[in-house]
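Worksheet: one structure, shown below.
Just so it is clear, none of the values below were taken in a lab; they were calculated from the coordinates. Computed from a predicted structure; not experimentally measured. No Cβ is skipped: glycine too gets one built from the backbone with ideal geometry, and neighbour counts run over all protein chains shown.
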Amino acid sequence: MSRLKEIMVPFITRQQIKKHVMTLAKQIEADYEGLPLVLICPLKGSVLFLADLMRYITLPLEIDFVHLVFRGSTQIVKDITTNVDGKHVLIVEEIIDSGRKLSFLKKRLMASGPKSVKIVTLIDKPARREIPLNPDYVGVTVEDRFLIGYGLDSEELGRNYPDIYILNN
């Protein structure tokens, strides 16, 4: 772990993260105006973002988790258990890069008959996009950099850091 910290450069502070999360929550509340929402959290990295975001949303909320992996194609390790038929669904993702797994998830959720499916991301890296995918709510758009902290990891390490760092190799 100490070797990891030696190659990290501060990028987004916890105070900046909090401001972005609060701004996103206000936008979501304004768009849904008292309607109930189902928040879907792709594991594992999005857990911190979900926890913080839902604290600032005062709408009626349900939450559920999904775990997807990409092994030549997107596969579901853990599916949601919430019935989303007729509900407004918001996928809460900490970072979007290639878009493969998120595109798969959105299509899969749409097939379950929700009123709507939108995506909120704290960090968007459009330069890495392999599939056309535009999030509905974006906290920060960044260049193609390897980031760690606040749910983002390097081989499962660093998710617990409260700030986000650039990992310089």
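The helix-based estimate of mean residue ellipticity at 222 nm for the chain, built from -39,500 (n - 2.57) per DSSP H run of four or more residues and divided by its residue count, is -8000 deg cm²/dmol to the nearest 500.
The GluC sites (Glu not before Pro) of the range 61-169 that DSSP puts in a loop, and whose beta carbon has at most 16 other beta carbons within 10 Å, are Glu130, Glu143, Glu155, Glu156. The Cα atoms of the range 13-145 give a gyration tensor whose axes a ≥ b ≥ c have a/c of 1.5 or more with a/b no greater than b/c, which makes the shape oblate. The Cα atoms of the range 1-74 give a gyration tensor whose axes a ≥ b ≥ c have a/c of 1.5 or more with a/b no greater than b/c, which makes the shape oblate. Note on Asp31, Asp144: ascending count of other Cβ atoms within 10 Å places them as Asp144, Asp31, the fewest first.
DSSP assigns beta bridges within the range 13-145; of those with both partners inside it, close to 15 percent run antiparallel.
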